[in-house]
Amino acid sequence: MPRARAWLLVLPALLPILVLSVGPLLYGIALAFTDAQSGRTEATEWIGLLNFSDLLRDTLFWESFRIGAVWAIGVTVPQFLLALGLALLLDQNLRMRWLARALAIVPWAMPEIVVGIMWRLTYHPDAGILNETLRDLHLGDGTDWLAGLSTALPAVIVVGVWAGMPQTTVALLAGLQTVPRELHEAAAMDGAGAWRRFRTVTWPAIRPVALAISALQLIWNVNSFALVYVLTSGGPGGRTRLPMLFAYEEAFRYGQFGYAAAMGCVMVALISLLLAVYLVGRLQDRSEER
């Protein structure tokens, strides 16, 4: 009886998850094994693993995977390093620290659509502030950053780092504030410099937080869609076509719903693998701590 009452209490929170998340996920997985297309007059048929076998031969899809890996790593690593430096700075006893902390989370409060539009204006080849600054400094006549084959992906990565850094900064700053000041003072009295204090005192304390936020950011970046779609829509020439953009085009531009669902299943499998690696690592860390 108590267990039944517990389920009744959990049900209001569980029901929206089942309806809005688990249900569509299971439907998408089932759709991947069919030949569902838009505009079909015939009934959708079960085709087994045919969509997945086609994916194995789709060089464009695997190229999007390569681009997605460059994007995810290229955003996550600088994002973490810059956020760690900013968190260490904001943890110091600075004047008007409250204002600096508030400004640091401004990008986090902005919707991705707004961030994308803002940076498109910044990168504008004629009227963008970046090219205007370069012209004023006599460093060039202006570059179409988002349309260049060699500059589009780096330019988008810069936006991804800027947009996601506040989340990592807030998490690391929260971890830093749990480190007792007495440990730093004792290490300083023993003659430890700043780097040694960070390596022996600060990093061991914030390592679980750092690993958690890095793993979550990596998974989030692998899933990226809206920001890159607003900036480049996957162009130029597919140079910024992430896997999620590829699946979106197959589904809503070409109407290949079954094929796009198979791409989504591959992405779900990849994200599940990343999450499993993270969870196994956390369990090992906890067993070592015990």
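The values are calculated or read from the model by the stated rules, or taken from the named source; none is laboratory data. Because the structure is a prediction, the values reported are computed rather than measured. Note: ideal-geometry Cβ built from the backbone for every residue, glycine included; neighbour counts use all protein chains shown. Just the protein is used for accessible areas: all its heavy atoms, side chains included, with ligands, DNA and RNA removed. Shrake-Rupley method; radii C 1.70, N 1.55, O 1.52, S 1.80 Å.
Values as computed for the structure displayed
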quantity	calculated
Residue within the stretch 253-274 that is farther than 23 Å from A32 by Cβ, part of a helix (DSSP H, G or I) and either at pLDDT below 90 or basic (K, R) (or both) present	no
Breaking point among (1) in a helix (DSSP H, G or I); (2) out of contact with any Ser or Thr (no Cβ under 7 Å at 6 or more places or on another chain), for S214	(2)
Single match in T178, T169, T200 (criterion: modelled with pLDDT of 90 or more and at negative phi)	T169
In the stretch 134-157, residue modelled with the lowest pLDDT [restricted to those that are farther than 29 Å from I73 by Cα and open to solvent by 60 Å² or more (accessible area, probe 1.4 Å)]	D141
Search result, residues across the stretch 77-118 that are more than 26 Å from I129 (Cα to Cα), under 15 Å from the mean Cα position of the chain (by Cα) and open to solvent by less than 40 Å² (accessible area, probe 1.4 Å)	F80
Filtered residue count, the stretch 22-33, keeping only those that are farther than 13 Å from G264 by Cβ and either of a type in the set (D, E, K, R) or touching a residue at least 60 places away in the same chain (Cβ under 8 Å) (or both)	0
Count of the stretch 218-267 residues which are open to solvent by 10 Å² or more (accessible area, probe 1.4 Å) and in contact with a strand residue (DSSP E or B) (Cβ under 9 Å, 6 or more places away or on another chain)	2
